[in-house]
Amino acid sequence: MKFTFDFLRLFLIELGYASPILIFLILCVSLLGYIIGRNEGWSKFDAFYHAFINAATVGYGDLYPKKKISKLLAIAIAFVGIVFTGIVIAIGVHAADQAFKQVYESSERSYCVEK
């Protein structure tokens, strides 16, 4: 249980440190989605829906761009989404590694004291 709490604490702290980059990437997805929506004649909701589904690399296919410039921007959204996901995963792995080290070192110290 200590590992879980340490992991969550470290994960949230590191997300806080990375928040300017993550917010910038979310704003990029939003802006590109807005531009695609205007270019394709979609509603704002549909444009942002498409952008975030595309950024998450889910791609349901219910909305897709038909114009060449929109397709290029959709590729950019997918790339930004992959970068965003990679950063969040890297933060999670680092937090898990640090939490594991903290739990392992404390259990190792208690093991040595008991001997």
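Every number here is computed from the coordinates shown, using simple stated rules; none is lab data. On a predicted model such as this, the values are computed, not experimentally measured, just so you know. Reconstructed Cβ throughout: ideal geometry from the backbone, glycine too, with neighbour counts over all protein chains shown.
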(message) Quick check: residue separation of Tyr104 and Val83 times 0.36 nm, minus the Cα distance between them. What number comes out in nm?
(response) 4.4 nm
(request) Kindly state, to the nearest 0.05, the FRET efficiency for Phe45 paired with Ile13, given R0 = 41 Å and r defined as their beta-carbon distance. (result) 0.75
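Based on DSSP H runs of at least 4 residues, each adding -39500 (n - 2.57), what is the mean residue ellipticity at 222 nm of the chain after dividing by all its residues, to the nearest 500 deg cm²/dmol?
-31000 deg cm²/dmol
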(message) Just to verify a number: FRET efficiency for Thr4 and Tyr60, C-beta to C-beta distance, R0 = 35 Å, to 0.05?
(response) 0.60
(request) For an R0 of 25 angstrom, estimate the FRET efficiency from the Cβ-Cβ distance between Phe24 and Lys68 and round to the nearest 0.05. (result) 0.40
(request) Report, ordered by chain and residue number, the lysines lying within cross-link reach of Lys2, taken as a straight Cα distance under 23 Å and ignoring same-chain residues fewer than 8 apart. (result) Lys101, Lys115
(request) Take the Cα atoms of the stretch 24-108, build their convex hull, and give its volume per residue in Å³. (result) 90
